[in-house]
1. Taking the stated definitions as given, is A:T42 hydroxyl-bearing (S, T, Y), touching a residue at least 40 places away in the same chain (Cβ under 8 Å), touching a Lys or Arg at 6+ places or on another chain (Cβ under 9 Å) and under 29 Å from A:R168 (Cβ atoms)?
2. Pairs needed: first member in the range B:190-212, in contact (Cβ under 8 Å) with a residue 40 or more places away in the chain and farther than 19 Å from B:G254 by Cα; second member anywhere, of a type in the set (K, R) and in a strand (DSSP E or B); C-beta distance under 6 Å; at least 6 residues apart or different chains.
3. Show me the strands (runs of 3 or more DSSP E) found entirely inside the range B:128-229 where at least 3 residues are touching a Ser or Thr at 6+ places or on another chain (Cβ under 7 Å).
4. Say whether the condition of being within 24 Å of the chain's Cα centre (by Cα) and surrounded by 15 or more Cβ atoms within 10 Å (Cβ to Cβ) is met by at least one residue in the range B:359-374.
5. Is one or more of the residues making up the range B:634-642 surrounded by fewer than 18 Cβ atoms within 10 Å (Cβ to Cβ) and either touching a Ser or Thr at 6+ places or on another chain (Cβ under 8 Å) or among the polar types (S, T, N, Q) (or both)?
6. Across the range B:369-396, what is the number of residues that are of a type in the set (D, E), at negative phi and not in a strand (DSSP E or B)?
7. Report every pair of residues separated by at least 6 positions or lying on different chains whose Cβ atoms are under 8 Å apart, first residue within the range B:346-373 and within 13 Å of chain A (Cβ to nearest Cβ), second basic (K, R) and in a strand (DSSP E or B).
8. Just to check your reading of the model, which residue among B:N587, B:N535 is in contact with a Leu (Cβ under 9 Å, 6 or more places away or on another chain), more than 30 Å from B:A474 (Cβ to Cβ) and either crowded, with 16+ Cβ neighbours inside 10 Å or among the hydrophobic types (A, V, I, L, M, F, W, C) (or both)?
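No value in this document is a laboratory result; all are computed from the given coordinates. Model, not experiment: these values are computed from the prediction. Glycine also receives a Cβ, built like all others from the backbone with ideal geometry; neighbour counts cover every protein chain displayed.
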Amino acid sequence: MRLNARIATGLLGLALAAPAAAAYAERVPEYELKAALLYNLTHFVEWPEGRNRSFNVCIVGEDPFGALADALATKTVNGKPIAVRRAAVSPELKSCQILFVAASEADSLGPILEAVKGQPVLTVADADGSARRGAVVTLALEGPRIAFDIDATTARAAGLSISSKLLRLARTVY
Amino acid sequence: MRRTHRSAFSPFPDRNRRRAARRRALAVSLLMVATAAPAAPADLTELSLEQLLGLEVVSASRFPQKRSDAPSAVTVITAADIKAYGHRTLADILRSVRGLHVTNDRNYSYLGARGFGRTGDYNGRILLLVDGYRINENVYYSAFIGQEFLVDVDLIERVEFVPGPGSALYGNNAFFGVLNVITKRGRDVNGIELSAEAGGFGASKGRLTYGQSAEDGADLLLSASGYDRRGDNLYFPEFDSPATNNGVAQGRDGERHGSVFAKVANNGFTFHAAQVRRTKGVPTASYLQVFNDPRSRTYDAESLVGLAYETAYAPKVDVAARVFYSQYDYWGDYVYDNGLGGTYVNRDESPGAWWGGELKLVHRTFEAHKLVGGVEYQRDTRQDIYNADLDPTVVKLDERHSGKRESVYVQDEYTLRADLLLSAGLRHERATIGGNMTNPRVALIYKATEESTFKAIYGTAFRAPNVYELYYAALSGGMKANPDLKPEQIATRELVWERQFGPKARLTVAAFDNHISDLIAAVTDPADSMLVFENVASAHARGLEVEGERIHDSGLRWRASYSLQRAEDLETGERLVNSPRRLAKLNLSAPVAGVRAGLEVQYTDNRRTLQGETGGYTVTNLTVATESLAKGLEASASVYNLFDKAYVYPAGEEHSMDVLREDGRSWRLKLNYRF
């Protein structure tokens with residue numbers, strides 16, 4: 001069976017282009033970036049004084065970070081070490097400073113946010129289509145880049161103080 | 001397409017045609033200089049927020065989120081899959097889905113689900129939706145999955161196949177399942193995208209897409225595509241005689257397609273406008289036509305205009321409303337011997353038009369209940385079938401029909417306990433064709449552990465007889481109408497087990513049992529020897545499907561499925577035609593030397609044909625794709641049927657041959673440029 005000459009040319013062309021292509025890679029894994037973003041948010045948000053000895057970052061739903069989140073555990077916020085927890089039960093959620101709701105829970109976002117309503121918890125929703133559903137921060141992908149929306153009303157109601165710098169960098173504020 | 005009456009046929013002297021050779025040159029500059037870019041730093045937490053927002057991400061590999069409102073084992077195919085595996089049409093996409101098998105008779109592509117794929121049926125037993133709009137046209141209820149499908153495959157964000165009876169939510173045609181095609185948004189394109197393709201058998205395609213989004217969520221997507229395929233010279237042993245060009249249909253397998261698509265979203269409103277037109281040469285001399293005549297072809301066109309509005313009416317109440325207008329046009333030219341040494345063309349037409357509206361409420365107010373309720377109205381203003389001989393025009397059939405369909409449905413998802421969910425739905429439909437239908441679906445979902453879920457599902461669905469089955473009559477004899485046809489019905493029991501192994505691996509096992517009654521089939525009435533459609537047949541299909549999926553940290557993704565199924569005609573006890581006993585599929589995508597390789601291996605077991613049986617076959621497809629040739633440039637090269645395997649599909653009643661040979665090895669080169 002003779003291999004179609006045109007296929008060979010096409011594949012050869014791609015193979016030749018590949019080494020040159022490697023130089024183009026300036027892309028990072030999505031959740032490595034989102035983990036860094038979560039850490040960065042702590043510089044722009046003020047929580048009321050709390051009794052917790054650690055700064056709790058909780059993940060609800062199918063954990064997309066895996067080992068990446070554990071890297072956060074080496075950092076501190078306002079002198080308190082970051083503790084990363086995978087939370088499931090609602091009483092736990094109230095003691096979180098950051099509550100990351102994974103994309104798998106997009107349908108249950110409402111009830112999860114209800115559980116922490118009024119508490120100083122920075123809720124971060126990780127799915128497009130979760131906008132305006134009550135999370136303080138909603139993460140989204142704009143083409144190949146990360147963007148986020150801020151719900152200033154909910155932040156205020158939760159007792160969180162958001163720096164104007166963060167509001168300026170947000171895609172939408174409502 | 002679409003008729004079963006027979007007319008006299010006699011072999012006809014061959015027409016030798018010389019066709020102008022067309023060469024298509026595709027200039028590809030693959031060695032563009034890659035812009036040097038800074039390597040990403042090791043610790044992203046060291047970067048400022050502005051810097052983080054400026055980085056580009058490689059989208060995480062994860063199992064795509066299922067949005068369908070259905071408690072069954074849904075399969076989701078994403079845009080990334082479509083790119084990785086080089087899928088050219090919706091038919092290619094569906095070939096990779098668990099439990100489905102696709103056949104093609106060189107005119108249309110047909111979808112078989114769970115062992116049921118009778119030749120000559122027009123996909124009326126699968127409901128095809130695009131962004132929620134019903135695509136099955138209103139004359140044959142066919143769902144088009146080939147190049148005649150409404151939307152260019154590159155505009156697809158995801159395809160969700162929900163197996164099982166869906167009439168409790170969707171009504172007519174949701175017999176074996178519902179196919180939900182969701183299109184991309186303007187912000188997924190974010191600029192202008194140009195695409196050019198060249199492929200085997202003289203295929204070429206061009207597409208221009210523009211997408212844009214604004215800060216307040218307004219979104220615009222516009223696209224236009226054109227496709228042309230010369231087609232191969234095909235050899236049919238059944239016609240191998242000097243009088244019929246020695247069995248060679250020369251250049252009769254051509255295909256041409258054009259489509260436009262527009263989607264505008266703003267403030268809760270979404271507007272859709274789309275149209276597709278496709279012309280296909282028919283080389284098989286179906287319906288006893290003259291062989292190798294260039295005039296044998298079919299033309300299908302479908303248009304859709306729709307406006308939808310979604311809003312949160314109250315804190316826990318979502319409201320969605322939509323109105324739409326659709327049109328379907330079909331004509332087919334069939335060439336016959338006029339018995340006087342010449343030929344004549346017989347033309348079939350079936351124009352359809354329908355409009356309608358839908359209102360849906362999602363109510364989450366009560367503790368532990370998620371209530372969905374809706375009303376739908378559809379008015380079929382035109383469901384015509386027309387048939388005439390041309391030159392001179394002798395009208396043989398001119399049926400004009402119209403009708404309407406009113407339905408109301410309700411569904412409740414009741415969380416009985418933290419680990420137990422009961423979903424119950426019911427839909428009542430009243431239609432001009434088919435009368436009154438009421439269909440329930442009940443599912444019990446038990447979350448045994450965090451990682452293990454069991455589902456038990458029971459539901460019924462129907463397919464109303466279409467205008468063609470009811471009213472088509474050949475005045476010259478051979479076929480008569482049957483306005484008393486009733487809808488076909490199916491009752492399905494299904495058991496599903498889904499087991500997660502961490503977030504990146506999943507096993508799905510599904511067992512199903514389908515009882516199908518009042519199946520519509522063409523039979524010969526002994527009283528007058530005329531063909532007529534009757535609700536005569538019934539079938540029983542049962543099977544077991546197993547599917548495993550895994551995403552590895554290295555970036556390797558795979559999905560493998562195996563289906564064991566048995567579908568029998570209850571009258572005769574025989575296996576149904578075109579029902580493979582086993583299906584095995586593998587999709588594997590891996591990063592290799594800076595590019596991404598996508599491998600598909602699909603095994604289909606032997607199937608019964610109308611006259612016998614045909615063997616099993618395996619098809620292998622390989623795609624190599626790269627996104628980083630240069631900024632904004634994506635390229636891919638695909639080989640389909642890599643090992644040039646000769647395989648056949650069972651032919652239908654309208655074909656003189658028992659089986660149809662499918663394409664051998666073929667290829668495609670594709671370039672996408674965004675700016």
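1. Considered against the rule, which asks whether it is hydroxyl-bearing (S, T, Y), touching a residue at least 40 places away in the same chain (Cβ under 8 Å), touching a Lys or Arg at 6+ places or on another chain (Cβ under 9 Å) and under 29 Å from A:R168 (Cβ atoms), A:T42 comes out as yes.
2. B:G191/B:R674; B:E193/B:R674; B:S195/B:R207
3. Answer list for the range B:128-229: B:156-163, B:191-199, B:203-213, B:219-229.
4. no
5. no
6. 1
7. If the second residue must be basic (K, R) and in a strand (DSSP E or B), the pairs left are B:V362/B:K370; B:H363/B:K370; B:R364/B:K370; B:V372/B:K360.
8. Just one listed residue meets the conditions, B:N587.
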